[in-house]
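Here is the structure we will look at, set down as structure tokens.
The values are calculated or read from the model by the stated rules, or taken from the named source; none is laboratory data. On a predicted model such as this, the values are computed, not experimentally measured, just so you know. Reconstructed Cβ throughout: ideal geometry from the backbone, glycine too, with neighbour counts over all protein chains shown.
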2 protein chains.
Amino acid sequence: MTRKILVVGAGKSTAYMLDYFLEKSESENLQITIADLNTDGIAAHIKEHSACTLLTLDISNSEERQRAVSQADIVVSMLPARLHTTIASDCLLHKKHLVTASYLSDDMKAMNEDVTKSGLIFMNEIGLDPGIDHMSAMHIIDQIRDRGGRILLFESFTGGLVAPESDSNLWNYKFTWNPRNVVIAGQGGAAKFIQEGTYKYIPYHKLFRRTEFMEIKGYGTFEAYANRDSLNYREAYGLEDALTLYRGTMRKVGFSKAWNMFVQLGMTDDSYIVENSEGMSYRDFTNLFLPYSPTDSVELKLRHYLKIDQDDSMWGKLLELDLFNPKKIIPLKHATPAQMLQKILEDKWTLAEDDKDMIVMYHKFGYEIHGKKEQIDANMVVVGENRTHTAMAKTVGLPVAMATLLILNKKITTPGVQIPIKKEVYEPVLKELTSYDVVFNEYKVPYLGYNPDTVAG
Amino acid sequence: MTRKILVVGAGKSTAYMLDYFLEKSESENLQITIADLNTDGIAAHIKEHSACTLLTLDISNSEERQRAVSQADIVVSMLPARLHTTIASDCLLHKKHLVTASYLSDDMKAMNEDVTKSGLIFMNEIGLDPGIDHMSAMHIIDQIRDRGGRILLFESFTGGLVAPESDSNLWNYKFTWNPRNVVIAGQGGAAKFIQEGTYKYIPYHKLFRRTEFMEIKGYGTFEAYANRDSLNYREAYGLEDALTLYRGTMRKVGFSKAWNMFVQLGMTDDSYIVENSEGMSYRDFTNLFLPYSPTDSVELKLRHYLKIDQDDSMWGKLLELDLFNPKKIIPLKHATPAQMLQKILEDKWTLAEDDKDMIVMYHKFGYEIHGKKEQIDANMVVVGENRTHTAMAKTVGLPVAMATLLILNKKITTPGVQIPIKKEVYEPVLKELTSYDVVFNEYKVPYLGYNPDTVAG
């Protein structure tokens with residue numbers, strides 16, 4: 001009997017997911033309906049596949065939406081997170097399973113009782129981060145526990161970066177996902193974490209000066225700055241007694257120190273509108289944040305303000321961005337500094353046609369076992385194939401696709417609104433991911449309780 | 001005929017005001033009613049004065065409040081700003097004038113039409129800052145305009161400090177007003193101002209590193225950091241065409257550089273609650289903001305983090321506050337970093353029994369007249385007498401008291417909701433203030449369009 005999968009939203013992270021479904025459409029008897037307001041962007045080999053149906057759907061049209069949901073066996077929502085609740089309500093009404101890669105919202109959580117009663121599975125956060133991070137972490141945490149160990153330390157880092165072969169600028173960085181999220185990263189409150197049992201707080205303006213280093217064999221040294229709340233998932237992972245909990249974002253070494261220049265200047269501020277932003281030159285934008293002088297150059301004022309020498313690599317990074325160019329113009333009306341900076345960065349950091357992206361993930365697990373303290377580090381590197389088949393699309397889309405099939409095939413059976421931290425979910429998904437070269441390497445390292453390779457300046 | 005003044009709120013800034021009213025009670029035929037929830041704190045010589053009546057008033061009791069207002073000829077509200085609207089509504093209902101030293105709220109502004117129609121005067125912002133700053137600035141601005149000049153530059157700075165004879169700590173600072181406002185000063189958005197026609201923005205974490213210096217004869221050098229919006233009052237003062245507008249807060253030189261240490265550490269953050277704040281030692285508080293280390297001392301970590309040497313005067317300032325003391329305890333439950341820091345500072349910065357405070361104000365007026373650019377600087381220093389008769393109480397209370405009498409005596413006659421920027425208000429008040437040693441000294445200085453004595457580090 002044919003099983004019908006409804007995919008709502010055909011955005012840029014769906015390439016691998018759709019290929020996966022279509023490859024298995026015959027052996028697994030799948031029929032895929034792709035519903036989006038605009039289906040033009042969908043690749044020809046998908047559109048023309050016999051197992052695929054396109055549906056032009058206005059998500060705000062309840063009748064059309066309900067009809068589509070009612071005809072499916074399972075629904076995959078790749079819409080922006082705020083639209084999931086509408087789809088989830090439809091799924092509950094028509095008794096359909098649901099899979100999303102987005103953060104579990106409070107609205108979604110509130111449906112748990114009804115979903116469980118109906119024997120349905122609403123699987124959330126089964127992309128990359130959140131997603132593969134949960135699964136790979138719980139896989140190792142459960143193994144340690146099964147051996148009788150007690151977790152003391154858990155640190156987890158993810159980065160969306162540019163692949164080494166496409167890494168062609170001084171920042172070792174290009175936008176591989178939503179640029180806005182990169183520009184405003186870390187804002188909205190101090191970062192909080194625990195180290196060896198003591199709480200630690202880092203204000204935004206110090207966030208990019210308090211980094212940790214980590215090595216990945218064959219890919220060199222990376223750094224990570226702290227995410228806002230490293231204590232998320234403490235209960236979900238059962239880590240209430242862990243002494244150290246730290247979650248962070250990975251970059252190539254040197255990015256954060258350079259990014260801190262923007263933070264210090266105030267260029268990442270998204271809380272106010274700059275007067276006369278439209279038509280402002282890059283140079284005038286930079287000068288907004290520097291003291292007035294009738295004679296001194298913008299260049300010298302900036303170097304003095306940030307105390308950087310002309311032969312400092314930080315200086316070259318600023319020049320590379322054309323930050324002092326009086327001819328380049330920002331076309332944005334009523335823009336915040338963050339929006340203006342984003343525009344400047346997009347000039348230089350947009351992926352070229354043949355550029356490849358790269359996903360890195362790094363976990364540390366410290367634990368006590370039979371009176372001894374030990375540590376396992378695990379990391380994963382995934383490099384993209386091209387602009388549509390990115391590492392991001394692969395690591396977000398494949399877990400979603402695999403979970404969808406596992407639910408259809410009744411390999412995942414526990415009902416409820418959930419995230420992928422149960423063995424019946426992470427075991428088959430992680431196993432299948434390895435055949436797509438999404439692989440974690442594990443190493444035993446000495447347990448220290450902290451990272452000796454930290455920067456604090 | 002006796003004129004009845006109702007003073008609502010008998011807080012710490014009322015000493016001079018009440019003395020002023022009582023001194024003039026006979027010659028001016030005044031009867032003063034002081035209404036407060038608790039009248040115990042009022043000094044004996046006031047309480048027992050024949051022209052004075054005490055009224056225990058619960059401001060939330062509408063009937064009692066209305067009765068008190070209806071019996072007065074004019075009402076002075078010294079309540080917290082948010083309570084003024086209630087009193088203002090009563091005044092409108094019973095057709096009474098109103099005087100306050102607080103910022104003009106939108107609610108109050110909205111009453112303007114009704115107040116004007118009723119021929120009433122609701123005078124706001126007639127204390128020190130706002131108050132004396134408006135009056136002294138408009139006094140000189142109007143003089144320059146009367147001579148045919150056009151204002152190019154207006155800068156205005158105020159500081160509530162400790163008097164030189166009581167200046168006994170390394171910070172040259174004690175709390176003379178609400179400590180909380182000092183701890184969270186500058187938060188909530190970037191500071192914005194104009195210099196020589198260009199907008200400038202300073203993020204909070206750089207605010208205390210972008211100061212201006214200014215000299216006051218006999219009192220040495222002061223510094224000022226920018227207020228959040230220097231463009232307030234641009235329209236009210238008629239300065240739409242001015243090239244430079246800057247408002248700031250004055251401190252003794254070195255305070256801001258040292259205060260910046262707290263900002264950099266994150267200790268002034270008021271946006272989150274610290275875990276286990278109650279019973280935390282000063283040392284543990286400091287360590288919250290420093291990287292974890294199993295061996296390094298809190299002292300060395302801080303010096304390294306902020307890059308200060310042990311023989312730096314900044315270091316002495318931290319030691320003076322006992323910031324590394326493991327025995328001193330913060331007793332606050334569920335406290336923010338800012339609240340905890342305030343507690344630590346209050347230990348050391350509270351005025352002693354015989355300490356005196358000091359108010360400083362500094363204005364700069366740049367203007368073009370007959371084709372030439374000129375500048376006038378004007379400044380004021382007021383030193384307090386003792387703990388109740390502070391310079392703050394004097395400079396806040398006397399203008400309120402004087403305006404009250406001027407309204408009663410029909411010397412101020414223009415009706416409406418207003419601030420003291422009209423000649424009929426500022427001329428008599430400033431003149432009378434000189435007899436209380438509240439005096440501005442004016443100097444001609446060269447016009448530069450900017451301050452060459454700026455710090456930017």
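Only residues that are under 15 Å from B:Thr249 (Cα atoms), in contact (Cβ under 8 Å) with a residue 40 or more places away in the chain and over 19 Å from the mean Cα position of the chain (by Cα): list them for the range B:194-211, please.
Across the range B:194-211, the qualifying residues are B:Tyr204, B:Arg209, B:Arg210.
Just checking, does the range A:312-334 include any residue being part of a helix (DSSP H, G or I), in contact with a helix residue (DSSP H, G or I) (Cβ under 7 Å, 6 or more places away or on another chain), surrounded by 13 or more Cβ atoms within 10 Å (Cβ to Cβ) and within 14 Å of chain B (Cβ to nearest Cβ)?
No, there is no match, as no residue in the range A:312-334 is part of a helix (DSSP H, G or I), in contact with a helix residue (DSSP H, G or I) (Cβ under 7 Å, 6 or more places away or on another chain), surrounded by 13 or more Cβ atoms within 10 Å (Cβ to Cβ) and within 14 Å of chain B (Cβ to nearest Cβ).
Given B:Asn181, B:Asn232, which one is assigned to a helix (DSSP H, G or I), free of Cβ contacts under 8 Å to residues at least 24 places away in the same chain and within 19 Å of the chain's Cα centre (by Cα)?
Details: B:Asn232 fails: assigned to a helix (DSSP H, G or I).
Result of the check over B:Asn181, B:Asn232: B:Asn181.
Scan (1) in a helix (DSSP H, G or I); (2) modelled with pLDDT under 95 for the single condition B:Arg67 breaks and write down its number.
That leaves (2) as the condition not met.
Is it the case that the range B:21-38 has a residue that's aromatic (Phe, Trp, Tyr), at pLDDT 95 or above and out of contact with any strand residue (DSSP E or B) (no Cβ under 6 Å at 6 or more places or on another chain)? Explain how you work it out, then say what you get.
Residues of the range B:21-38 that are aromatic (Phe, Trp, Tyr), as a first pass: B:21.
Next, from what is left, pick out any that are at pLDDT 95 or above: B:21.
Checking which are out of contact with any strand residue (DSSP E or B) (no Cβ under 6 Å at 6 or more places or on another chain) leaves us with none.
Checked the range B:21-38: no residue is aromatic (Phe, Trp, Tyr), at pLDDT 95 or above and out of contact with any strand residue (DSSP E or B) (no Cβ under 6 Å at 6 or more places or on another chain).
Give the residues of the range B:242-252 that are assigned to a loop (DSSP other than H, G, I, E, B) and either within 13 Å of chain A (Cβ to nearest Cβ) or modelled with pLDDT under 95 (or both), sorted by residue number. Even if it seems obvious, please write down each step before you answer.
In the first step, residues of the range B:242-252 are kept if they are assigned to a loop (DSSP other than H, G, I, E, B); the result is B:242-243.
The answer is B:Leu243, and nothing else.
Can you name the condition, by its number, that A:Tyr173 falls short on among (1) in a helix (DSSP H, G or I); (2) crowded, with 20+ Cβ neighbours inside 10 Å; (3) away from chain B (no Cβ under 14 Å)?
(1)
Taking the range A:272-308 on its own, how many of its residues are part of a loop (DSSP other than H, G, I, E, B), away from chain B (no Cβ under 12 Å) and either touching a helix residue (DSSP H, G or I) at 6+ places or on another chain (Cβ under 7 Å) or of a type in the set (Phe, Trp, Tyr) (or both)?
Of the residues in the range A:272-308, 1 are part of a loop (DSSP other than H, G, I, E, B), away from chain B (no Cβ under 12 Å) and either touching a helix residue (DSSP H, G or I) at 6+ places or on another chain (Cβ under 7 Å) or of a type in the set (Phe, Trp, Tyr) (or both).
Determine which single condition A:Ile5 fails, assuming it passes every other condition in (1) under 13 Å from A:Leu405 (Cβ atoms); (2) of a type in the set (A, V, I, L, M); (3) touching a residue at least 60 places away in the same chain (Cβ under 8 Å); (4) in contact with a His (Cβ under 7 Å, 6 or more places away or on another chain).
(4) is the only condition that A:Ile5 fails.
For the range A:335-349, give me each residue that is more than 21 Å from the chain's Cα centre (by Cα) and farther than 14 Å from A:Phe175 by Cβ.
Scanning the range A:335-349 gives A:Ala335, A:Thr336, A:Pro337, A:Met340.
Among the numbered criteria (1) touching a Ser or Thr at 6+ places or on another chain (Cβ under 8 Å); (2) assigned to a loop (DSSP other than H, G, I, E, B); (3) within 14 Å of another protein chain (Cβ to nearest Cβ); (4) of a type outside the set (Gly, Ala, Ser), which one does B:Phe262 miss?
All conditions pass for B:Phe262, except number (2).
Can B:Ser136 be described as small (Gly, Ala, Ser), modelled with pLDDT of 95 or more and touching a Leu at 6+ places or on another chain (Cβ under 7 Å)?
Here the answer is yes, as B:Ser136 does meet what is asked.
Restricting the search to the range A:265-304, which residues are surrounded by 18 or more Cβ atoms within 10 Å (Cβ to Cβ) and among the small types (Gly, Ala, Ser)?
A:Gly266, A:Ser277, listed by residue number.
Run down B:Lys423, B:Lys394, B:Lys444 and say which single residue is in contact (Cβ under 8 Å) with a residue 40 or more places away in the chain, touching a strand residue (DSSP E or B) at 6+ places or on another chain (Cβ under 9 Å), surrounded by fewer than 16 Cβ atoms within 10 Å (Cβ to Cβ) and not polar (S, T, N, Q). Please lay out each step first, then the result.
Details: B:Lys423 fails: touching a strand residue (DSSP E or B) at 6+ places or on another chain (Cβ under 9 Å); B:Lys394 fails: surrounded by fewer than 16 Cβ atoms within 10 Å (Cβ to Cβ).
Selected residue: B:Lys444, the only one of B:Lys423, B:Lys394, B:Lys444 that is in contact (Cβ under 8 Å) with a residue 40 or more places away in the chain, touching a strand residue (DSSP E or B) at 6+ places or on another chain (Cβ under 9 Å), surrounded by fewer than 16 Cβ atoms within 10 Å (Cβ to Cβ) and not polar (S, T, N, Q).
For the subset of the range B:116-131 comprising residues that are more than 17 Å from B:Leu408 (Cβ to Cβ) and out of contact with any helix residue (DSSP H, G or I) (no Cβ under 6 Å at 6 or more places or on another chain), which member is surrounded by the most Cβ atoms within 10 Å (Cβ to Cβ)? First the steps, then the outcome.
Step one: of the range B:116-131, the residues more than 17 Å from B:Leu408 (Cβ to Cβ) are B:116-117, B:124-125, B:127-131.
Keeping just the survivors that are out of contact with any helix residue (DSSP H, G or I) (no Cβ under 6 Å at 6 or more places or on another chain) gives B:116-117, B:124-125, B:129-130.
Numbers: B:Thr116: 16, B:Lys117: 11, B:Asn124: 25, B:Glu125: 23, B:Asp129: 22, B:Pro130: 20.
Among those residues, the one meeting the criterion is B:Asn124.
Within the range B:70-101, how many residues turn out to be among the β-branched types (Val, Ile, Thr), part of a helix (DSSP H, G or I) and closer than 25 Å to B:Asp40 by Cα?
Looking only at the range B:70-101, we keep the residues that are among the β-branched types (Val, Ile, Thr), and these are B:74-76, B:85-87, B:99-100.
The next check asks that each one be part of a helix (DSSP H, G or I); those that pass are B:85-87.
Retained after the next criterion (residues that are closer than 25 Å to B:Asp40 by Cα): B:86-87.
Total meeting the criteria: 2.
Out of the residues in the range A:192-218 meeting the condition of being more than 7 Å from chain B (Cβ to nearest Cβ) and in a loop (DSSP other than H, G, I, E, B), tell me which one is surrounded by the most Cβ atoms within 10 Å (Cβ to Cβ).
Checked the range A:192-218; the qualifying residue surrounded by the most Cβ atoms within 10 Å (Cβ to Cβ) is A:Thr211.
So, in the range B:70-83, of the ones that are surrounded by 15 or more Cβ atoms within 10 Å (Cβ to Cβ) and within 28 Å of the chain's Cα centre (by Cα), which residue ends up farthest from B:Ala403 (Cα to Cα)?
Across the range B:70-83, the extreme among qualifying residues is B:Leu83.
Residues that are in contact with a helix residue (DSSP H, G or I) (Cβ under 6 Å, 6 or more places away or on another chain) and of a type in the set (A, V, I, L, M, F, W, C): list the strands (runs of 3 or more DSSP E) wholly contained in the range A:349-457 that include at least 1 such residues.
The strands (runs of 3 or more DSSP E) meeting that bar are A:357-369, A:372-383, A:416-418.
How many of the residues in the range A:438-455 are within 25 Å of the chain's Cα centre (by Cα) and within 14 Å of chain B (Cβ to nearest Cβ)?
Of the residues in that region, 5 qualify.
Quick check, is A:Ser230 in contact with a Leu (Cβ under 9 Å, 6 or more places away or on another chain), surrounded by 20 or more Cβ atoms within 10 Å (Cβ to Cβ) and modelled with pLDDT under 95?
yes
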